Amino acid sequence: MIRGGQLYRHRRDRARRTRRLMTYVAVAVVAAVVPASASAAGKQLWTSDALNSVANDVAGTTDMTVLSEDDPTEWAGFFPPGTDSENVLGFVALEYPPLYHEIFLDPYVYSTFGSWFSTGTPQGNEYAFSIAALALIHESFHWRLLSGDESTVNACALKYFPYYIAKDFGVPETVTQTTTGVVPVTTTKSVPVVHVKVVKRRVKVHGKWVVRTKRTTFTTYTTETTTTYEPGPVTSTVANPLFQTLVADAASFYMQQPPPYNAGTCTV
Ligand SMILES: [Zn+2]
């Protein structure tokens, strides 16, 4: 039986499911013989190197396989009759060896990551993306912690969501911004300095000693640095609005989930 690893979607789909073929995703048919109650045999699932590497990074493994289901009817077939499979975003089977280090994601997550692969950014689909990313991180934490405790696993998924969004999903916490500001312009020039050399000599004039002074000049050069302020490009590091939106969306989704999903603490 499937145990642990379910992440419930409290809110219903916002986006319509699109089942177009994802260019960057290769098809994989799970050949494993699994119990009838959790049969993956014959189902067409999708896998992607990008999602596998996220799962591996979160779980601290190298052999994780993320399998995404594109068909709600097939997805429902993973669960016992009567299961509200539309609200299950993903699952793992911690104690069923044929599904070792595998993560299953539902058609909503499949579709959301499909959009991400095709546009290259969560921009414009932030809320769905946050849910999908949280689901993948959540399922990966089941393997990392080898735990079916949904409260702890989901708390860890939320805690580390910002970290993995930046590290593995390509949404940095800060971005560099270039604006027009005032920039210092330093000019160095060579300045002549005239020196006067005074030579005093005693000379005899009409039998008397007098002092004669002779002045000669010579020039040396020194460098002079001046700083002026002119309009120019100024780069600064600022908070990334996309990152902030995703983190806020994940927190909001977490809060809307029923217990035990919204009620844990992460100890790692
Ligand atoms: Zn779970």
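Rule-based calculations on the coordinates, nothing more; no lab input. None of the values given here were measured: they were computed from a predicted structure. In this analysis, Cβ positions are derived from the backbone assuming ideal geometry, glycine residues included, and neighbour counts consider all displayed protein chains.
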Region 187-235: relative contact order from alpha carbon pairs under 8 Å, six or more residues apart, as a whole percent, is 46 percent
At a 10 Å Cβ-Cβ cut-off, how would you order 219, 119, fewest neighbours first?
219, 119
With charges only on Cβ, +1 for K and R and -1 for D and E, what is the dipole size of region 187-235 about its Cα centre, in debye, rounded to 20?
1060 debye
What order, most packed first, do the peptides 92-103, 187-198 have when packing is the mean number of other Cβ atoms within 10 Å of each residue?
92-103, 187-198
Calculate I(q)/I(0) for region 187-235 by the Debye formula, one identical point scatterer on each C-alpha and no solvent, and give its log10 at q = 0.12, 0.14, 0.20 Å⁻¹ to two decimals.
-0.55, -0.62, -0.80
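Could you list 247, 199 so that the one with the fewest beta carbons within 10 Å of its beta carbon is first and the one with the most is last? The partial results should precede the final answer.
Numbers: 247 19, 199 9.
By the 10 Å Cβ count, ascending, the order reads 199, 247.
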Charge sum, other residues only, whose C-beta stays under 11 Å from residue 58's C-beta, Lys/Arg counted +1 and Asp/Glu -1
-1
One point scatterer per Cα, no solvent, Debye formula: log10 I(q)/I(0) for region 36-125 at q = 0.19, 0.21 Å⁻¹ comes out as -0.92, -1.09
Check: C-alpha center region 185-230 vs C-alpha center region 81-139, spacing in Å is 83 Å
